[in-house]
Amino acid sequence: MSNEFYSLIVNGKEHEVRDAWAGESLMYVLRERLGLPGTKGACEQGECGSCTVLMDGEAVCSCLVMAATAVDAQIVTVEGLSSDPTHATPTDVQQAFIDAGGVQCGFCTPGLVVAVHHLLDRNPQPTELQIKEAISGNICRCTGYGRIFAAIELARDQRNAPPEQPAH
Amino acid sequence: MSQTTTTTSKRGERGTLGNSAVRPDGLAKVQGRFAFSSDAWADNMLWGATLRSPHPHARIISIDVSAALAINGVATVITAADVPGQLTYGLIANDQPVFAKDVVRFAGEPIAAVAADHPETARRALDAIVVVYEVLPALLDAEQAIDGSFAPIHPDGNVIRRQKVVRGDQNFVGEVVVEGTYEVGMQDQAFLGLEAALALPDDDGAGVELYVATQWLHEDQKQIAACLGLPLERVRLTLGGVGGAFGGREDISLQVHCCLLALATRRPIKMQYGREESFFGHIHRHPASMVMRHHADRDGTLRRVEVRAVFDGGAYASTSSAVLINAVTHMQGPYRCDIATVDGYAVRSNNPPCGAMRGFGVVQACFGHESQMDKLAAACGLSPVDIRLRNAMRTGDRLITGQIVDSVAPVERCIRETAAIPMPPPLAQDADSLDIPGGSGLTAQRSNIRRGVGWGVSIKNLMYSEGFDDYATARCHLADGVATLQFATAEVGQGFVVLAQQIARSVLGVDTVLLEPISTAIGSAGSTSASRQTWMSGGAVDGACRLVRERLFEHVAAAHQLDPLRLAIDGTDIIDTRGSLRIAVAESAPGLVLDETFEHHHRATEELDENGQGNCHVAFAFVAHRAVVDVDPDLGLVKVVQIATAQDVGRVLNPLAALGQVEGGIAQGLGLAVMEEIVLKDGVMRNPSFTDYLLPTSLDAPIVVATMIEEPEPQAPLGAKGIGEPPCISVTPAIVAAIRDATGKALTRVPVRAQDIVFGD
Ligand code: FES
Ligand code: FES
C-alpha cells in the first residue's frame, strides 16, 4: 500500500484512486474502489470478456490492464455507454439485448454490450460472420449465443433503418 | 425493496402466459446495475479466502496458522477446530467436512479459511499457513473402489450406491446383439458468475444473514445452520444475483466458511472464488463408463438392454446416489424395452467430488444408449431414424423400472418433426475460414472436409424422484390492481422471475406485478434443478394467484349479488360470464387487500426396490436432435454446422425464454461432445482455467433450428413441462454420431478429441 494516488477518467468523470496496491487491475479498481460494479470478472485471464471496457475507444479486458497504467486514458464502462447524462435510458444495443432475449443470467451481458458498441461504432454493417468474430472473446454460458446474435442484428438493423417517414 | 417491472412487452402484448414477456431484471442486467452476489458489499467488510489441499489423499499431521495471524490486516484464521456445530454437510449424506480435519480426500479440499482487509492480504495469509501432510496412496480408479482392493477412504465406504434394474427374462438373447463400451469425461458447469457471498453477523453474534448465489436457499440454510450450531431462524438467506448455475450451485461451497468468518470476526465477510478456485470449489459432472449390450429382433425391435455403469463420485457423496438412479433408470432411452439387466455403481474416490449438472446422470446414459441404437440400426440394416421410430416410446409404455409412462410422450413426433427440418446447404466452395473446421487457428484442408449427420433422442425425468417431496411455496398479495409475489425460487438466469409475472397477469388480470426479494422469509421452493421450477414454483405461483382470484371474485360477487362462479377474468377486467358486468380488476375492490400462500406438491413417488422396480419418477420430457458436422479427419477438426431439434415442452409459456433454454442447452451439449473436459493427472486437475478448459464461443455456435412440440401435459399445473435439461442431453450423442458418420471412427468417449478422430479405430 502507499499514500500515493492516481486519477482515472471513467465515463467522462475523473476519479481519484487512493491507497491502492500497485498490482490492482483496472477491473478491481472499477469494481471495488470506484463503485462501478457493472464490469464483471469471470476469469481474470483475458479469456471470458466479461470485464470488457473501452479504453480510448478500444475494447480491452480490464482484468489484464493494471489500473495505474490507465491514468491518461478515456475509460468507458457499461455504466457510461448511454448518452443520456444520468445513464438511465438504455442504449440501442442494451435495448436490443432485452428485446431479442439476449439476456439470461446476465453475467456476460455488460462485457458483451460494450463489445457490441465497439463493433457497431467501427463497423455499422457487420455481416453475420463479422458479428460472430467480434464477440468470440466474450463467453456466454447460458444462451448458446443464438439470441445474442439476434440482439446484435437487431441493433445493427435499427441503426441502419431509414428514419421513419411520417404517415400521410 | 421490490423489483419493479415492465408491464408490457415491446410487442405491445400484456406479458401474459404464452407471450415473450420482458424479464423484469433485463434492464438492470444490460446496464450493469443488476447486483450479482459478487457485487455485494458492506461497510467495514473483510475478505475471506480458503486454503485448499494440494494432495488428493493425505493425512494432516499439523496445521500452524501463527504466521498467518501475525500478518497485518489478517483478522482471523479458522480450521476444523473452529466449527461449532456439525463438522460435515452434504445434500444426501452428511459426509463432507466443512474443513478437512485429520485427512484430505481430494486435491482442492478446504483446510482453513482466513479473513483479511484486502484480497491480497488474504492470499498472503493463506501462503503463510503451514500444513504438514503425510501423503497417502490415492484411490483414483473407480474399479478399485468396487472390487474392494482399496481400503475405505471414508467411514461411509468406497461404494456410495449400487443400484440394479432387473426386469424380464434374464436369459433372453436377441436375434441381433450389439455391444459397446462408452466413456464420458468430467464436465464443468462453468457458470460465468463465480461463487460469491456476503455474510453479515447479527449484533449478538448468534445469527447471520447471508447473500449468496445458490440454487436452493432453504437447503443451504439447513446445512449451514447445522454446521454453525444455530437454530434455522438465526440463519437467514437472501439470493444474491446468480450468474448461471447448471447444477454447480446445488452443493455448499463457500457458504459455511463465509458465515463462520463473519461470526468469528463479528464483521461482514465477502468471499468470492476466482475461476481456478471455482473448479476446486464446486462439484462436476460424473465421469462414467458404461459397458452395454443391446438385444433386438431382426427387424430392429429393441428387446433387452444390459448395462454395467460406473460413475466416479469423487471424494464425497453429494448427489451421486440420485445421479446414479437417474442413469440406471434411463438406460433404455425413449424406447420401449421389456427386458433389462442394469447394474450401476456410484463410487467414492480421491478424485474431485461430482454431483449435479444439467441432465443429471441421463447425459451419460444417453451417450451410451444412443450410440448403441446406431449400432443396432447398422446391424439391422435400418437408418438411424427408422430404428428410433420403430421403438419410440408412447404414453402408457413401461419403463424398465416397471413404471408406466403416463406423461405425454410424443417421441415419434419429436423425431419426425426434427427430420422435417431442412438440412443446411452444403459447405460453400468459398466459405470463410471461420465457417470451416478449425476456424482461424489450425484450419482444415478444404478438400479434406467431410460432412456427417447424426441422431440423438432422449427421455428425461422431471422433478426429484424416489419418494422425495420437493414442494414449492409461493405467496400472492393483491391490492388495488397491483400484485406482489413472493417465493424462494432461485432465479439463476432461466427467467422464473418473468414467468411468475406472466402467471399473475394471466390469472389475475393485473398488469403490474412486483416481486419480493428471493429469500428464506417464505417457505421453500425446492431447488432450481431437475427442470422443475416451471412446474413446481410455477404451480405454486399459479395456486397462490388462483386463491387470491377466488377471494376477489367472492368479494365482487357479493357486491353485485352474483354467484362468484359466474365471474371470470377477461384481459384486465372481471366479467360476468352470464351477464353484463364488466369491471376493471384494478377498480373492482378498492381498499381490499388479499394475501394467500400456496404450496404445490407433485404426486408421490416411490423408492426403487433392490431390482430397481418402482414408480420412482414423477414425469418425463422428450427431445430429438439431429446434428450436421463438417470434419477434417486428418487434423481431427470438427465444426458443428447445424442442430435441428424438436422438443416436447407441453406448452410454450414464453417463446423467447424457451428458445434461449434450447439454444443454451445445445451449446453445453456441444461442449461435452467436442471440447469440455476436466483433465485429471493423479487426481489433480490439470486445466482449472478458461485458458485450458475450453468452452464453446460464438464461433462454435451451430445454427439451431428448433420446433417446440406443444401437447399440454395434464399433470402439469400450467400444462408445461420443464425444458431446461432436455436440450443438452441427446445433442451430445447426435454430434458424435455425425462425426462417426463423417469419419467411420468408433468414437466411444466424449469429449471427442482430435486424436480420437485422427488415430482412433
Ligand atoms: S475477467 Fe477479464 S477476460 Fe475474463
Ligand atoms: S447470460 Fe449467463 S453467461 Fe451469458
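Among the candidates B:Val114, B:Val177, B:Val131, B:Val77, single out the residue that is part of a strand (DSSP E or B), β-branched (Val, Ile, Thr) and within 32 Å of the chain's Cα centre (by Cα). Break it down stepwise before answering.
Values: B:Val177 fails: within 32 Å of the chain's Cα centre (by Cα); B:Val131 fails: within 32 Å of the chain's Cα centre (by Cα); B:Val77 fails: within 32 Å of the chain's Cα centre (by Cα).
From the options B:Val114, B:Val177, B:Val131, B:Val77, the qualifying one is B:Val114.
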* **Every residue from segment A:9-43 that is within 16 Å of ligand 1 (Cβ to nearest atom), among the basic types (Lys, Arg) and free of Cβ contacts under 8 Å to residues at least 60 places away in the same chain** => A:Arg31
* Within segment B:48-66, track down each residue that is surrounded by fewer than 15 Cβ atoms within 10 Å (Cβ to Cβ) and among the aliphatic types (A, V, I, L, M). => B:Ile61
* To do: Quick one: in segment B:623-667, of everything that is out of contact with any helix residue (DSSP H, G or I) (no Cβ under 8 Å at 6 or more places or on another chain) and in a strand (DSSP E or B), which residue is farthest from B:Ala392 (Cα to Cα)?
  => B:Val641
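I'm trying to understand the selection: among the residues of segment B:432-463, which are part of a strand (DSSP E or B) and touching a Pro at 6+ places or on another chain (Cβ under 9 Å)?
Going through segment B:432-463, the residues part of a strand (DSSP E or B) turn out to be B:450-462.
B:Arg450, B:Arg451, B:Val453, B:Gly454, B:Trp455, B:Gly456, B:Val457, B:Ser458, B:Ile459, B:Lys460 - these are the residues of segment B:432-463 that are part of a strand (DSSP E or B) and touching a Pro at 6+ places or on another chain (Cβ under 9 Å).
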* Would you mention how many residues in segment A:116-136 are within 15 Å of A:Val93 (Cα to Cα), open to solvent by less than 30 Å² (accessible area, probe 1.4 Å) and in a helix (DSSP H, G or I)? => 6
* If B:Phe279 passes every condition in (1) among the hydrophobic types (A, V, I, L, M, F, W, C); (2) open to solvent by less than 10 Å² (accessible area, probe 1.4 Å); (3) more than 14 Å from chain A (Cβ to nearest Cβ) but one, which one does it miss? -> (3)
* A:Ala88 without any contact (Cβ under 8 Å) to a residue 40 or more places away in the chain and at the interface with another protein chain (Cβ under 10 Å from one of its Cβ atoms) -> yes
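Consider A:Arg141 carefully, then state whether it is open to solvent by 30 Å² or more (accessible area, probe 1.4 Å), within 16 Å of ligand 2 (Cβ to nearest atom) and either closer than 23 Å to B:Val242 by Cα or among the aliphatic types (A, V, I, L, M) (or both).
Taking the combined requirement at face value, the residue does not satisfy it.
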* A:Ala155: assigned to a helix (DSSP H, G or I) and within 14 Å of ligand 2 (Cβ to nearest atom), yes or no? -> no
* If you go through segment A:48-79 one residue at a time, how many are crowded, with 22+ Cβ neighbours inside 10 Å and within 14 Å of chain B (Cβ to nearest Cβ)? -> 14
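So, B:Arg308, is that one more than 14 Å from every other protein chain (Cβ to nearest Cβ), under 19 Å from B:Tyr211 (Cβ atoms) and over 21 Å from the mean Cα position of the chain (by Cα) or not? Working first, answer last.
On the way: more than 14 Å from every other protein chain (Cβ to nearest Cβ): yes; under 19 Å from B:Tyr211 (Cβ atoms): no; over 21 Å from the mean Cα position of the chain (by Cα): yes.
Taking the combined requirement at face value, the residue does not satisfy it.
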* Tell me, which strands (runs of 3 or more DSSP E) lie completely within segment A:15-104 with 2 or more residues that are within 16 Å of ligand 2 (Cβ to nearest atom) and modelled with pLDDT of 95 or more? -> none
* To do: Output the number of residues of segment B:435-465 satisfying the condition of being within 14 Å of chain A (Cβ to nearest Cβ) and open to solvent by less than 30 Å² (accessible area, probe 1.4 Å).
  => 2
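Looking at segment B:484-576, what strands (runs of 3 or more DSSP E) fall wholly within it and have at least 1 residues that are open to solvent by 10 Å² or more (accessible area, probe 1.4 Å) and without any contact (Cβ under 8 Å) to a residue 60 or more places away in the chain?
Values: elements: B:512-515, B:567-570, B:573-576.
Fully inside segment B:484-576 and qualifying: B:567-570, B:573-576.
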* segment A:44-58 residues that are away from ligand 1 (no atom under 13 Å from the Cβ), paired with ones that are among the basic types (Lys, Arg) (beta carbon under 9 Å, 6 or more apart) -> A:Gly57/A:Arg122
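Out of B:Val114, B:Val132, B:Val173, B:Val166, which single residue is buried (at least 22 other Cβ atoms within 10 Å of the Cβ) and either of a type outside the set (Asp, Glu) or assigned by TED's automatic domain parsing to the domain that holds B:Leu69 (or both)? Talk me through it step by step, then tell me what you get.
Details: B:Val132 fails: buried (at least 22 other Cβ atoms within 10 Å of the Cβ); B:Val173 fails: buried (at least 22 other Cβ atoms within 10 Å of the Cβ); B:Val166 fails: buried (at least 22 other Cβ atoms within 10 Å of the Cβ).
None of the other options fit; the residue is B:Val114.
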* Filter result for A:Thr109 (within 16 Å of ligand 1 (Cβ to nearest atom) and either more than 7 Å from chain B (Cβ to nearest Cβ) or free of Cβ contacts under 8 Å to residues at least 40 places away in the same chain (or both)) -> yes
* To do: Test each condition in (1) more than 29 Å from the chain's Cα centre (by Cα); (2) on the phi > 0 side of the Ramachandran plot; (3) not assigned by TED's automatic domain parsing to the domain that holds B:Leu46 for B:Gly205 and report the one that comes out false.
  => (3)
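Given the criterion open to solvent by 10 Å² or more (accessible area, probe 1.4 Å) and in contact with a Pro (Cβ under 9 Å, 6 or more places away or on another chain), identify the matching residue among A:Arg31, A:Arg18. Explain how you work it out, then say what you get.
Numbers: A:Arg18 fails: in contact with a Pro (Cβ under 9 Å, 6 or more places away or on another chain).
Result of the check over A:Arg31, A:Arg18: A:Arg31.
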* **Enumeration of residues in segment A:1-49 that are under 15 Å from A:Cys108 (Cα atoms) and hydrophobic (A, V, I, L, M, F, W, C)** => A:Met27, A:Ala42, A:Cys43, A:Cys48
* Scan segment A:141-152 residue by residue and report those that are more than 7 Å from every other protein chain (Cβ to nearest Cβ) and either of a type in the set (Val, Ile, Thr) or outside any helix (DSSP H, G or I) (or both). => A:Ile148, A:Ile152
* Any chance segment B:210-218 includes a residue that's of a type outside the set (A, V, I, L, M), modelled with pLDDT of 95 or more, open to solvent by 10 Å² or more (accessible area, probe 1.4 Å) and out of contact with any Asp or Glu (no Cβ under 9 Å at 6 or more places or on another chain)? -> yes
* Can you tell me which residue within segment B:660-672, out of those that are more than 7 Å from chain A (Cβ to nearest Cβ) and over 14 Å from the mean Cα position of the chain (by Cα), is surrounded by the fewest Cβ atoms within 10 Å (Cβ to Cβ)? => B:Gly671
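The values are calculated or read from the model by the stated rules, or taken from the named source; none is laboratory data. Since the model is a prediction, treat every value here as computed from it, not as a measurement. We place every Cβ from the backbone using ideal geometry, glycine too, and count neighbours over all the protein chains shown. Just the protein is used for accessible areas: all its heavy atoms, side chains included, with ligands, DNA and RNA removed. Shrake-Rupley method; radii C 1.70, N 1.55, O 1.52, S 1.80 Å.
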